[in-house]
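Novice: Sharing a structure below in structure tokens format, with a few things to ask.
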Amino acid sequence: MKVSLNWVKQFTEIDVSTEELVKKIGEQLGAVEEIIELSPIYKDVLVAEVKSCEKHPNADKLSVCLIDDGGAAENVERKDGLVELVCGAPNVKQGQKVAWLPPGSVVPSTYHTDPFVLEARELRGVVSNGMIASARELAIGDEHDGILEVDVEAAPGQKFADVYQLNDTIIDIENKMFTHRPDCFGQLGVAREIAGICHKQFSSPDWYKAPLAQENVKRKKENGELKLAVQNDILDLVPRFVCVPIADVKVGHSPVAIRTWLARVGIKPINNIVDITNYVMMLTGQPLHAYDYDKLLALQAGERSTEHGALSLEVRKSREGEKLRLLGDKEITFKDDSTMLITSNDVPVGVGGIMGGADTEVDESTKNIVLECANFDMYQIRRTAMSLGLFTDAVTRFNKGQSPLQNDTVLEEAVSMIQSITGGRVAGEVQDARGEVDPPNQVEITADFVAERLAEPINADDIVRLLGNVEFQTEAQDDTVRVTVPFWRTDIAIREDIVEEVGRLMGFHHLPINLPKRTTYPVEKNHLLEIKSKIRDALTAAGGNELLTYSFVHGDLLAAVGQDVEKAFKLSNALSPDLQYYRLSIVPSLLEKVYGNLRAGYDKFFLYEIGKTHIKDFNGDDGLPREEERTAGVVVSKGAQPAYFQAKHIVGPYVCF
């Protein structure tokens with residue numbers, strides 16, 4: 001999870017050094033994998049104004065520009081205070097504010113690979129001093145068909161990084177540390193945690209704290225011209241499916257600021273609609289998806305129609321044999337009913353919570369959209385992603401257990417941004433197909449209970465303060481604290497969770513380091529371990545070498561030793577093609593090692609193993625497969641004395657032949 005400190009600073013004050021903050025994050029939030037400083041990448045990029053733009057005298061597709069950099073660049077030749085350069089972009093024109101890379105600067109997109117240093121050079125008889133950069137060259141997008149235009153107020157000579165807050169530090173925190181923390185997959189959630197571990201009060205934006213128990217989101221239709229009907233057939237797997245139609249959007253490039261925020265946290269800008277959904281996702285941790293309304297409508301040419309002739313969106317399980325072409329042109333065929341599908345007029349248009357379909361993709365031709373903000377079962381998402389081999393940013397967040405109580409507020413914010421940036425307008429009723437959504441958890445705890453487990457004195461006021469900093473609602477009465485867990489903290493359910501939270505916010509490194517108290521009574525003997533130990537000692541004393549092999553073997557090996565492969569459990573996710581089945585006995589594993597030892601020049605040896613085996617038709621009273629403890633050995637001898645007599649000599653004292 002890449003965290004932008006400048007983004008975080010929009011929500012909370014950070015008054016410690018980056019080094020100290022990284023240390024705190026590592027101790028109290030998650031392991032830091034990498035720290036990326038953006039300032040060196042953009043230190044030479046300047047804002048410049050194109051004062052004139054003329055056709056190159058010796059090239060049809062080039063322009064000669066004079067730019068004003070406010071005199072900021074050093075060691076650059078000027079004509080009447082302006083810098084001359086050659087530009088091949090078709091969209092360059094007089095009056096633009098642009099990002100200029102002067103001679104001697106490194107192109108940002110090459111900074112971490114093979115740094116490309118610009119210089120003043122002659123192009124078709126005209127000296128070009130540096131270059132005007134595109135989004136790709138600035139590492140904030142893939143657009144390379146034209147230069148990037150500065151779209152906010154900026155003076156010539158101003159640092160590009162200052163204009164777009166690119167004097168930033170990116171802290172990459174290991175994803176596994178947030179497995180149980182869906183809120184920390186958004187910048188807002190991380191900002192809240194940083195405030196908490198720095199012992200500061202955090203307050204979420206008003207739009208995020210709006211009432212959550214309403215039947216629909218607050219926003220109603222402005223004009224009901226885009227009809228939409230939503231049906232949720234799997235409420236147990238999709239607790240909430242919220243959609244709204246939006247008309248008259250103008251699809252194009254996002255504002256440069258949004259593109260920079262996305263690029264710095266690892267998201268590729270696409271277009272303003274997709275970028276807004278990704279921006280809100282990276283802010284809140286809640287994925288969204290936008291469908292082209294008219295493309296959806298085109299799918300409804302079949303017999304089925306919905307009430308009032310509305311566009312239909314359904315959530316259901318997949319059917320065997322159904323196909324869907326995904327974004328990126330990958331086509332998948334569903335093998336069973338285990339996938340959560342989004343359909344329109346019963347035609348698949350997306351894999352719920354994972355990826356949308358290519359046939360309803362938002363592109364430059366899109367005029368109307370349907371914006372979806374839903375919640376999907378985390379376990380089903382995980383199974384589907386593994387089965388289909390699809391791992392997206394949405395999967396990363398949904399399989400951590402996002403709260404359905406944030407769908408309405410997040411949708412509201414995304415709609416506001418779409419209206420502001422694309423000129424779109426809400427053109428139909430908001431549809432909220434939802435099942436039973438559990439309210440936030442409530443946990444009652446005492447200060448003594450917390451203190452006893454942390455081995456640190458603490459009172460109810462301290463608990464209220466620490467939890468209140470990260471927006472837990474608390475009520476204290478004497479020693480007892482009643483805690484209402486925020487809707488985004490789906491990981492808090494029992495008293496011990498509160499203890500862990502208090503200890504973490506306090507700082508585990510502040511807790512006393514004491515050895516645990518234990519009784520000195522001897523533990524009960526484990527007879528199985530004792531038997532194994534005796535067998536191991538006896539066989540080793542007889543010259544045996546103990547092996548420890550995999551419990552899995554190849555099916556061909558089972559067949560080669562005369563065992564029935566049908567009786568062995570087959571692995572659906574084998575470690576390798578050679579480890580397909582659970583072994584029925586230890587013998588095949590040992591025999592497989594004989595040949596390699598013979599080839600290595602050993603002509604007399606004794607191998608043994610103590611391990612486990614599994615057989616399908618060995619079922620206990622509970623109907624579960626029985627796990628058998630076995631011991632097996634193999635004696636090899638190429639000398640005068642047959643291996644049989646050596647084996648008899650070894651086991652003779654223990655077994656009567």
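The values are calculated or read from the model by the stated rules, or taken from the named source; none is laboratory data. For clarity, every value in this text was computed on a predicted model and none was experimentally measured. Please note: Cβ atoms are built from the backbone with ideal geometry, for glycine as well, and neighbour counts cover all protein chains shown. Quick note on the areas: whole protein, heavy atoms, side chains included, nothing else; ligands and nucleic acids left out. Shrake-Rupley method; radii C 1.70, N 1.55, O 1.52, S 1.80 Å.
Novice: Can you give the local net charge around residue 32? Use residues other than it whose beta-carbon is closer than 12 angstrom to its beta-carbon, Lys and Arg +1, Asp and Glu -1.
Specialist: Summing Lys/Arg as +1 and Asp/Glu as -1 gives -3.
Novice: In addition: Using the Cα gyration tensor of region 417-559, with a ≥ b ≥ c the square roots of its eigenvalues, what is the shape: rounded (a/c below 1.5), prolate (a/b larger than b/c) or oblate (neither)?
Specialist: In terms of gyration-tensor shape, oblate.
Novice: Oh, and also: With the contact rule set at Cα under 8 Å and sequence spacing of 6 or more, what percent relative contact order holds for region 1-140?
Specialist: Relative CO of region 1-140 lands at 20 percent.
Novice: Let me ask something else about it. What does a probe at residue 59 reach in region 100-122, counting residues whose amide N is under 12 Å from the point 7 Å along Cα→Cβ?
Specialist: Once the point is set 7 Å along Cα→Cβ of residue 59, 121-122 turn out to lie under 12 Å by backbone N, inside region 100-122.
Novice: Charges on Cβ only, +1 for Lys and Arg, -1 for Asp and Glu, centred on the Cα centroid of region 305-354; of 312, 324, 344, which one is farthest towards the dipole's positive end?
Specialist: 324
Novice: Got a sec? Charge dipole of region 23-158, +1 on Cβ for Lys and Arg, -1 for Asp and Glu; which of 53, 146, 28 is way out at the positive end?
Specialist: Result: 53.
Novice: Between (i) 56, 35, 32; (ii) 72, 27, 25; (iii) 54, 32, 24, which entry matches semi-axes √(5λ) of the Cα gyration tensor in Å as derived from the coordinates of this structure?
Specialist: Recomputing semi-axes √(5λ) of the Cα gyration tensor in Å here gives the entry labelled (i).
Novice: For residue 648, list the lysines whose Cα falls under 22 Å from its own Cα; do not include residues on the same chain fewer than 8 positions away.
Specialist: 532, 534, 593, 604, 638
Novice: For residue 3, what residues show an amide H to amide H distance below 5 Å, using hydrogens built from the backbone and excluding near sequence neighbours?
Specialist: Amide H neighbours of residue 3, under 5 Å, 5+ apart: 171, 172, 173.
Novice: Just the accessible area per residue of the chain, please: how many Å² with a 1.4 Å probe?
Specialist: 50 Å²
Novice: Something else about it: Over every pair of different alpha-carbon atoms in region 404-463, take the mean of 1/r and invert it; report that Kirkwood radius in Å.
Specialist: Taking the inverse mean of 1/r over all distinct Cα pairs, region 404-463 comes out at 16.1 Å.
Novice: Tell me the net charge near residue 18. Cut-off is 14 Å between Cβ atoms, residue 18 excluded, with +1 for each Lys or Arg and -1 for each Asp or Glu.
Specialist: Once positives and negatives cancel, what remains is -4.
Novice: Okay, moving on. Taking the Cα centre of the chain as origin, sum charge times position over the Cβ atoms of Lys and Arg (+1) and Asp and Glu (-1), and report the length of that vector in debye to the nearest 20.
Specialist: With Lys and Arg at +1 and Asp and Glu at -1, about 1840 debye.
Novice: Tell me, what is the percent relative contact order of the chain, built from C-alpha pairs under 8 Å that lie six or more residues apart?
Specialist: That works out to 12 percent.
Novice: Taking the Cβ-Cβ separation of residue 513 and residue 572 as r and a Förster radius of 51 Å, what is the calculated FRET efficiency to the nearest 0.05?
Specialist: 0.70
Novice: Would you mind telling me the share, in percent, of accessible area of region 92-131 contributed by carbon and sulfur at probe 1.4 angstrom?
Specialist: After summing per-atom areas, the C and S share lands at 49 percent.
Novice: Follow-up question, since we're still on this one. How far apart, in nm, are two points set 7 Å out from the Cα along the Cα-to-Cβ line at residue 477 and at residue 257?
Specialist: So the label points at residue 477 and residue 257 sit 4.7 nm apart.
Novice: Using alpha carbon centroids, what distance separates region 245-279 and region 532-599, in Å?
Specialist: After rounding, the separation between the Cα centres reads 56 Å.
Novice: So for region 514-620, taking the charge dipole from beta-carbon charges (+1 Lys/Arg, -1 Asp/Glu), which of 551, 514, 539 sits furthest toward the positive end?
Specialist: After comparing all options, I get 514.
Novice: If you don't mind, another one. Could you please report the charge total around residue 295, scoring K, R as +1 and D, E as -1 over all other residues with beta-carbon less than 12 angstrom from its beta-carbon?
Specialist: Surrounding charge for residue 295 is -4.
Novice: If you don't mind, there's one more thing I want to ask. Expressed as a whole number of Å, what is the distance separating the alpha-carbon centroids of region 164-183 and region 406-459?
Specialist: If we compute the Cα centre of each part, the gap is 20 Å.
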